[in-house]
Structures are given as C-alpha cells and as structure tokens.
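Quick notes on the structure that follows.
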Ligand SMILES: Cc1cc2nc3c(=O)[nH]c(=O)nc-3n(C[C@@H](O)[C@H](O)[C@H](O)COP(=O)(O)OP(=O)(O)OC[C@H]3O[C@@H](n4cnc5c(N)ncnc54)[C@H](O)[C@@H]3O)c2cc1C
Ligand SMILES: Cc1cc2nc3c(=O)[nH]c(=O)nc-3n(C[C@H](O)[C@H](O)[C@H](O)COP(=O)(O)OP(=O)(O)OC[C@H]3O[C@@H](n4cnc5c(N)ncnc54)[C@H](O)[C@@H]3O)c2cc1C
C-alpha cells in the first residue's frame, strides 16, 4: 500500500520536520503521501508536493484544522487510515498530541520517536532518556509511528506530487482553540539549526541570559536552555532541550552554565561537536564535551563575543 | 467531581540505568524506584483541585506489580483519597494501560483524568491521549496551567512554538508538563494517615482487558558512547578547534 506523513506546518510554511519524516516513511512503505491539514494552507501543500519521493499530497483545508487540534485530526486520520499501512508524524508536540489517539482507535500500539528503520516492521527507539536503545518488532498490520527527526536526513526537493483536496471530517466540537503565546524569534529553529547555544542555571537571570544573544547572532545559532533555566523563568518553555523537551543534533552544541544532567544529555548528545563552558571542572557535561572550557561564563562569554567579532563573524 | 490520577512506578530519575550484557533489558535489581515525576505533578494538581473545592474525591490508580501499591501510598500521602491497584507482573504496553484505565473510568465515572505526559522509563508519551480517544473525550496535553470551570476546562499547553490554550468540554483528560506546579512533599502525619486509606486490588482480567504484548522487544542495547574530549586553554584555542572542525 502506502504510507501517510502528517505535515508539520503553521498554515504558511512547511517545516523541515516533514521532509525528515518522509525519509523515514519511504523506508517503511512506499509510495509516500503527505497530509496537509490546516486552514488557508494551500501554499504548504504546494511546498509538500515538491518533496522528492512524495507521490501525492492530501489537502484538508478547513477552519477546524487551523490549529491541528487532536480531536478533529483524529477523525480526519481515521477516515483515511484504511488506505495506508503506516501513518507517521514527526515527534513534535503536534504529532505527539494527535497520533496516540489514532493508534488507540485503530487498536494498534504506537511506536514513539523512532531513531532508525531496521526493516519495515522493526525499529529502534530510545528509552530511559536515551540511556538504552530498544529494538522493537511490530506485529503485522498498521504501523503508527512518531519520528525523532534529528535521526533522519531531510528528503530533498525536486518532487512533483499531485495535490488532491479532501473533505473535512465532522468535528465533535468538544475542544476549541482559545489563544496562544508563541515565542518570536528571528533565529533559526532550535531543532533544525546547525549551531545551538544553550544556557543553564549558571546564567543566573533572564537579563544575563541575553549574553548568549549576540554570540548566537554572530554564529546564526539557535538559543536553547536547560530545564532549570526554564523553570527559573529565564526563558520560555519552548527553549528546553532534553528528555522531556526538544531533541537537537546540530553540528555544534554549546552548553553554557549547564551541569549535564542525564535528562539534559538525552536531548543533545547526538550533536556532532559539543562545547561545554562551566566553572566546575568536574561537571558531568565535560564527560560528553569534545571541547571543555573551565571558567567563569561571565568572563568567557564577553571574550567569546569579542573574539568572534574580531574574526569577522557579525 | 471525581478526579482520577493514574500513577506509574518507574526507576528513579536520578538513577543512571545500565543495560544488561545479554541485551535482554536494563538492570532493575536493587535500583531505587519512585513515582514517575510527571505523575507527582498530576497528583499535586488533583489535590489542589480538591483543596479549592473543585474536586470531591481524588482516586489514584496504578498498574503494575505489588510494589506499585507503595507508589499509590505516596500519592495518598500527598492527599489522594483512595487507591486502585491493577496488579500484574507483566510489562503492560501503553495501549493496554489505556484500556485498563478506560475500564476504571467506566466504573468510577470521574469528570476529569490527569495523567503524566510521559513516563520517564519508556518515554512513550501515549497513555493520556489513547485513553481520551478510547473514551471519546477531548484532551489537553502537556499542561502548563489549568483553569477549571463548570463543565469545561481551559488548559494552556507547552508546545514547540511556545504556549497554546485550548478549551475542552468536560469530561476530559489532561496530561501534565513540568511547569504545571511544584509537587509537595508529604508530611509525616499525612504519611501515617495514608496508611489507613483504602487500596482496592484488581487484575487486568477482572476488568476484561487482554494485556498480551503486541510488540516484540528484540533487544535493549547501549547507545553509542560519547567520549569526553579535551579541555582547551581559552577562547582563542576553542575557536581555532571549531574552525578546524568546520563547524563555525
Ligand atoms: C526495557 C523495557 C522493556 C519493555 N518490555 C516490554 C515488553 O516486553 N512488553 C511490553 O508490553 N511492554 C514492555 N515495555 C513497556 C512498558 O513497560 C511501558 O512502560 C508501558 O508500555 C507504558 O508506557 P509508558 O509508561 O512509557 O507510557 P506513557 O504514555 O509515557 O505514560 C504516560 C502516563 O500514563 C500513565 N501510566 C503509564 N503507565 C501506567 C501504569 N502502569 N499505571 C498507571 N498509570 C500509568 C501515567 O500517568 C504516565 O505518566 C518495556 C519497557 C522498557 C523500558
Ligand atoms: C521528570 C524530569 C524531566 C526533566 N527533563 C529535563 C529536560 O528535558 N531538560 C533538562 O535540561 N533538564 C531536565 N530535567 C532536569 C535535570 O535533572 C537537571 O535538574 C537540569 O538539567 C539542571 O539544569 P542546569 O544544568 O542548568 O542546572 P544545574 O545542574 O544547577 O547546573 C548549573 C551549572 O552551572 C555552572 N555554573 C554556575 N555558575 C557558573 C558561572 N558563573 N560560570 C560557569 N559555570 C557556572 C555550575 O557549575 C553547574 O554545573 C528533568 C528532570 C526531571 C525530574
């Protein structure tokens, strides 16, 4: 049959988490179709049609999908499920919110956050904060899967899929959107940035956290944080990297004033190069860091900022 | 309104787990077990609802071995009223957990269920959503704050882009995120009192749920190990190295 990927988007632009999920889907069951459900999201469907390897894009454009709430999305996916052996979504908060509902209604288990497709029914996924990797074989029948996007390469461009409009399913109306407070940032997205610079409790305040900003700007980096920094209110929740926040795997991850708790490591230890800046030379973060700089971050960060400027990074 | 809180007994979050050499699982012998941290947050929220007069009773459920009754006791010491232990020594997959919880909901008729967003052992992040779907209820996952009104709940959720608020009709399922509240420590008198609170025991079969696993765990292996690198002397050396690696 085929697999269906739920597109990650904000009605205006398609996120590259979708491209990465397409790569995983193609390894499980081809052809790959992409579902774009949203409101006034025609441009997103056009973008999805260009992903290499996608045969068809299903466009469900209706007010009830504007925020991709789990309840209407469940109904929509159940109406489509018959035609697919596998339904996949990136393991974003949207995908995690929706897919278990679909799995439960289809009476199949869900496979969460796969890291690797070993064969169309066998997968690797992290457990215990990534301290163990489980190899899991699914029974025959439909596969419902969320994908750890940092573990898959993005499918390229160059496809020319057809876009098929599909009707909206009925909505129970027992859940509705009632507002949002989104973080605004000109910086690259945390989960797809090539460089991430994260701060921890060591930064000490929201004001001090801004020390990371001009460095991030010079390196075109995204800014992340430990849970402690989020809990203390230095930065919003969507900055959190870790087991229960976002998983990132950039080329360069810089941990500043972060001790390196297992829950934090779970979200960043697959980065290519890790730098740790910490005044405690015994901090566990140094055990995973390629380059460790022991010292006071309040001295090191301004130095780093200046050194970057003098080397021509703006 | 009755509030139901499912709690899971998991390896303590401070324990660094070790994979068994034969790859059959992780070493759980003599390891400290605790309540899943997200479930402590769920219990706290339910108890606060009771303290505010918005909940009439807080019922705690756990599915697991006999020792899971200790986890229930912890929740009762935090302020839960009574417990239900669905006893099994088998591993229970999220879908089966959700089916068991559905059977409990059918019997108990709570108006609100609060689960953790994920259990920190299996990291599945499924049970709350599956339960909501099986019940045909709406959900508010990854809750950051809750405003409960008559017949509805406003739940602000921690999402990838920031915060989102949904309004759901009751009954509903909510799953907790880290910032919802800070769970209390049970006081000694409350720990003593909790010893007298009732815990009812059932089996999955009593509830008519087949918990035979659907998935086959082929192996549990070590993740690729990262080895610590070098300490650099200062910013110039750091930048030279990063440049040489081609990452800046
Ligand atoms: C090493 C390892 C091997 C495993 N092997 C098997 C196996 O062979 N067969 C098998 O079927 N499963 C196996 N499992 C899975 C099983 O142990 C999971 O814990 C179970 O599938 C539930 O998933 P979860 O707790 O991650 O759910 P989540 O969806 O992450 O849990 C969310 C919330 O649901 C509630 N909840 C979850 N579980 C319970 C519970 N037991 N009681 C009360 N509330 C609960 C809690 O409120 C929790 O916060 C294995 C897991 C591991 C780590
Ligand atoms: C259920 C659960 C889920 C969790 N999920 C996550 C998660 O997803 N992500 C996450 O990050 N954590 C998570 N945690 C929390 C985790 O256990 C740690 O508490 C947290 O990561 C610590 O953050 P930190 O390193 O910023 O703070 P700390 O551990 O307090 O470390 C601060 C560090 O800053 C250094 N420092 C202080 N001042 C300076 C200075 N002037 N210059 C240089 N260095 C300095 C210190 O030496 C120290 O090493 C979770 C915990 C639980 C229980």
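Quick note: the coordinates plus some simple rules give every number you see, no bench work behind them. All values derive from a computational prediction rather than experimental measurement. When we count neighbours, we look across all protein chains shown, and the Cβ atoms used for this are built from the backbone with ideal geometry, even at glycine.
What FRET efficiency comes out for the pair residue B:240/residue A:163, r = Cβ-Cβ distance, R0 = 60 Å, nearest 0.05?
On the way: r = 50 Å, r/R0 = 0.83.
According to the calculation, E is roughly 0.75.
Let me make sure I get this right: for chain A, a, b and c are the square roots of the gyration tensor eigenvalues over alpha carbons, sorted descending. Under 1.5 in a/c it's rounded, otherwise prolate if a/b > b/c, else oblate. Which is it? In terms of gyration-tensor shape, prolate. In chain B, the longest principal axis of the Cα atoms and the axis of helix B:37-51 are about 40 degrees apart.
With chain A treated as a Gaussian network of Cα nodes joined by springs under 10 Å, which of A:170, A:226, A:64 yields the largest mean-square fluctuation? Among A:170, A:226, A:64, the largest mean-square fluctuation in the Gaussian network model of chain A belongs to A:170. Rounded, prolate or oblate: which fits the protein assembly as shown when a ≥ b ≥ c are the square roots of the eigenvalues of the alpha-carbon gyration tensor, with rounded for a/c under 1.5 and prolate only if a/b beats b/c? Oblate shape, in that a/c is at least 1.5 and b/c is the bigger or equal ratio. Pick from B:146, B:218, B:135: which residue has the top mean-square fluctuation in a GNM of chain B where Cα pairs under 10 Å get a spring? Of B:146, B:218, B:135, the Gaussian network model singles out B:218 as fluctuating most. How far is helix B:94-108 tilted off the main Cα axis of chain B, in degrees rounded to 10, range 0 to 90? Between the helix axis and the principal axis of chain B, the angle is about 20 degrees.
Just report the Cα centroid separation between segment A:206-250 and segment A:93-152, whole Å. Between the Cα centres of segment A:206-250 and segment A:93-152 lies a distance of 27 Å. Taking the C-alpha atoms only, the angle from helix A:16-28 to the longest principal axis of chain A is near 60 degrees. Under 11 Å from a label point set 7 Å out along the Cα-to-Cβ vector of residue A:46, no amide N atom of segment A:1-18 is found. Residue exposure proxy: A:268, B:33, A:1, ordered by other Cβ atoms within 10 angstrom of their Cβ from fewest to most, comes out as A:1, B:33, A:268.
Using just its DSSP H runs of length 4 or more, each adding -39500 (n - 2.57), chain B gives a mean residue ellipticity at 222 nm of -8500 deg cm²/dmol after division by all residues.
Largest GNM mean-square fluctuation among B:227, B:47, B:173, using chain B with Cα springs under 10 Å: B:227.
Net length available on complete extension from residue B:145 to residue B:57 is 29.6 nm, with 0.36 nm assigned per residue and the Cα-Cα distance removed. Only helical runs count toward this figure. For chain A, summing -39,500 (n - 2.57) over DSSP H runs of n ≥ 4 and dividing by all residues gives -7500 deg cm²/dmol at 222 nm. Take each residue of peptide A:170-176, count the partner chain Cβ atoms within 10 Å of its Cβ, and average: the result is 5. Normalising by the residue count of chain A, find the relative contact order in percent from Cα pairs under 8 Å and 6+ residues apart. Result for chain A is 14 percent. A crude spin-label estimate for the pair residue B:20 and residue A:207, with each label 7 Å from Cα along the Cβ direction, gives 5.5 nm.
Express the Stokes-Einstein translational diffusion coefficient of segment A:156-220 in µm² s⁻¹, to the nearest whole number, given a Kirkwood radius over alpha-carbon pairs, 4 °C and a viscosity of 1.567 mPa s. Calculated translational D: 76 µm²/s. Computed over segment B:1-150, relative contact order equals 28 percent, with contacts defined as Cα pairs under 8 Å that lie 6+ residues apart.
Annotation for residue B:184 and residue B:197: the two label points, set 7 Å from Cα along the Cα-Cβ direction, are 1.1 nm apart. On the beta carbon distance between residue B:67 and residue B:206, with R0 = 30 Å, the FRET formula returns roughly 0.95. Residues B:231, B:52, arranged from fewest to most other Cβ atoms within 10 angstrom of their Cβ, appear as B:52, B:231. Does segment A:1-71 come out rounded, prolate or oblate, given a ≥ b ≥ c as the square roots of the eigenvalues of its C-alpha gyration tensor, rounded meaning a/c under 1.5 and, failing that, prolate meaning a/b above b/c? Prolate is the answer for segment A:1-71, as a/c is 1.5 or above and a/b outweighs b/c. Once the chain from residue B:154 to residue B:109 is taken as fully extended at 0.36 nm per residue, the excess over their C-alpha distance is 14.1 nm. For segment B:128-226, relative contact order (Cα pairs under 8 Å, six or more residues apart, normalised by length) works out to 22 percent.
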